[in-house]
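Notes follow once the structure below has been shown.
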């Protein structure tokens, strides 16, 4: 399985028999959405920088909201959450997904704003191998809360997302450096893509930075 970062909170996950794109964004964020096709698109909430489904080529099945889904051999569990730490009063709701593909469980946290996950949410999500975690703050959890949620989920690999990358035109976002310090990783090598398999997950937690496609 290959995981590529399309920018912001959007990734392409390509498995043996299916491909999936998370949270496609409108180019208004400051750069164009890459030209990609997928069998499935997941949408965590209905903001323009996360729900631009029309940017994805092909005829993907769109998953939007809590529930259990099975598409082309990919199992998806959507868990309801909040976009802020005031039970959705400021920014509404958000869906966390556990995407189970090729024997690997990938959590995409979307624009999670809760400073911690509840026991019920953790149980609904189940086992997590890879966590795609927002770290830029303001609209989502910040670096400190992101590190705490990583500790709750206990993944093998963490990939930061939704942060200031020098191009995205969302001025409130912070960069990734604070999160790396929270995780005791002062410097991390950037990879063009993450290639993993259920048989070759790391024994100890790894933080991986991905280069943006395009």
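The values are calculated or read from the model by the stated rules, or taken from the named source; none is laboratory data. Computed from a predicted model, the values in this text were never measured in an experiment. Backbone-built Cβ (ideal geometry, glycine too); neighbour counts: all protein chains shown.
Yes or no: residue 9 closer than 25 Å to residue 190 by Cα, out of contact with any helix residue (DSSP H, G or I) (no Cβ under 6 Å at 6 or more places or on another chain), surrounded by 19 or more Cβ atoms within 10 Å (Cβ to Cβ) and at pLDDT below 95? Let's see the steps before the verdict.
Details: closer than 25 Å to residue 190 by Cα: yes; out of contact with any helix residue (DSSP H, G or I) (no Cβ under 6 Å at 6 or more places or on another chain): yes; surrounded by 19 or more Cβ atoms within 10 Å (Cβ to Cβ): yes; at pLDDT below 95: yes.
Yes: the conditions hold for residue 9.
Would you say residue 209 is over 22 Å from residue 77 (Cα atoms) and in contact with a strand residue (DSSP E or B) (Cβ under 8 Å, 6 or more places away or on another chain)?
Yes, satisfied.
Determine, yes or no, whether residue 136 is in contact with a strand residue (DSSP E or B) (Cβ under 9 Å, 6 or more places away or on another chain), under 27 Å from residue 29 (Cβ atoms) and assigned to a loop (DSSP other than H, G, I, E, B). Break it down stepwise before answering.
Working: in contact with a strand residue (DSSP E or B) (Cβ under 9 Å, 6 or more places away or on another chain): yes; under 27 Å from residue 29 (Cβ atoms): yes; assigned to a loop (DSSP other than H, G, I, E, B): yes.
Here the answer is yes, as residue 136 does meet what is asked.
If you take the residues in region 13-28 that are touching a strand residue (DSSP E or B) at 6+ places or on another chain (Cβ under 8 Å) and within 25 Å of residue 113 (Cβ to Cβ), which one is surrounded by the fewest Cβ atoms within 10 Å (Cβ to Cβ)? Reasoning before the result, please.
Initial filter on region 13-28 (touching a strand residue (DSSP E or B) at 6+ places or on another chain (Cβ under 8 Å)): 13-15, 18-25.
Now narrow it down to the ones that are within 25 Å of residue 113 (Cβ to Cβ): 13, 20-25.
Working: 13: 26, 20: 28, 21: 28, 22: 27, 23: 27, 24: 27, 25: 23.
Taking the candidates together, the pick is 25.
Hey, among 78, 103, 57, which residue is over 18 Å from residue 168 (Cβ atoms), at pLDDT 95 or above and touching a helix residue (DSSP H, G or I) at 6+ places or on another chain (Cβ under 8 Å)? I'd like the intermediate steps shown before the answer.
On the way: 78 fails: touching a helix residue (DSSP H, G or I) at 6+ places or on another chain (Cβ under 8 Å); 57 fails: touching a helix residue (DSSP H, G or I) at 6+ places or on another chain (Cβ under 8 Å).
Matching residue, one of 78, 103, 57: 103.
Checking the structure you have, find out if any residue of region 89-96 is assigned to a loop (DSSP other than H, G, I, E, B), at pLDDT 95 or above and more than 17 Å from residue 68 (Cα to Cα). Walk me through it before giving the result.
As a first pass, look at region 89-96 and keep what is assigned to a loop (DSSP other than H, G, I, E, B): 89-92.
Now restrict to residues that are at pLDDT 95 or above: none.
No: zero hits.
Identify all residues within region 143-164 that are surrounded by fewer than 18 Cβ atoms within 10 Å (Cβ to Cβ) and either in contact with a helix residue (DSSP H, G or I) (Cβ under 9 Å, 6 or more places away or on another chain) or not in a loop (DSSP other than H, G, I, E, B) (or both); write none if there are none.
144, 148, 151, 152, listed by residue number.
Restricting to region 175-214, name every residue that is surrounded by 12 or more Cβ atoms within 10 Å (Cβ to Cβ), part of a loop (DSSP other than H, G, I, E, B) and in contact with a helix residue (DSSP H, G or I) (Cβ under 7 Å, 6 or more places away or on another chain).
183, 188
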